[in-house]
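First comes the structure, then the notes that go with it.
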Amino acid sequence: MRWTRFRHPHVAELPAVVAALRTRLPGADGPVGLLGWSAGAMVALLALAERKLTARAVVLVRPVVQLERPVEADPRRGEPAHRPTAAAHPIAERFDFLARAPEIVEQDPQPAVLVAAGVGEDPPIGEPAERLWSALADRYQVPSRVALLLTPELAPRRADLTQVDTAVTDWFTRHLSERLGQETTMH
């Protein structure tokens, strides 16, 4: 897949997927939670920024926050850096969630967002993830609805994700069951 042809049709499909789940699963009429890992986090962020779906709680694990950075800088692959073409710049802007943080914050109600990244994470992933958390927390009406989890479990080549699993479960349990206006703080 070439940089200039990057597409994510999954974002447009989210409302239909949620509607289908609500009709097929008894009791699936509650608030929506989104979980995205790496590029899947881009789908969740895009859904939030473009108002494709109202989510009460979101978890972004090792999120790709800026599309251009990971494409340009992955020395582990031993490939030359991909330089985006002029035609690719609008795509990179669409997927620059640091720049689009205000669009996420403008939602009412603001979704609870947990950003999880690895300690010592590759700079193209870890540093923008921390900056996204900061950009959201600085703008949120209730800053405790945005949290950052830095864990060695998400460092490259780690397999035990117990802490991450527990944090994700706790986040969704807390924020999908809360009544809006009575937000709780993360412990």
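No lab work stands behind these numbers, since they all come straight from the coordinates. The structure presented is a predicted model; accordingly, all values stated were derived computationally and were not measured.
Summarising the amide proton neighbourhood of L149: residues at separation of 5 or more, or on other chains, whose placed amide H is nearer than 5 Å comprise V115, A116, A117.
Phi angles of region 23-39 translate, via the Karplus equation with coefficients 6.51, -1.76, 1.60 and θ = phi - 60°, into HN-Hα couplings of 7, 8, 10, x, x, 8, 10, x, x, 9, x, 10, 10, x, 10, 6, 5 Hz per residue; Gly and Pro are given as x.
The value of relative contact order for region 10-53, using C-alpha pairs under 8 Å at least six residues apart, is 51 percent.
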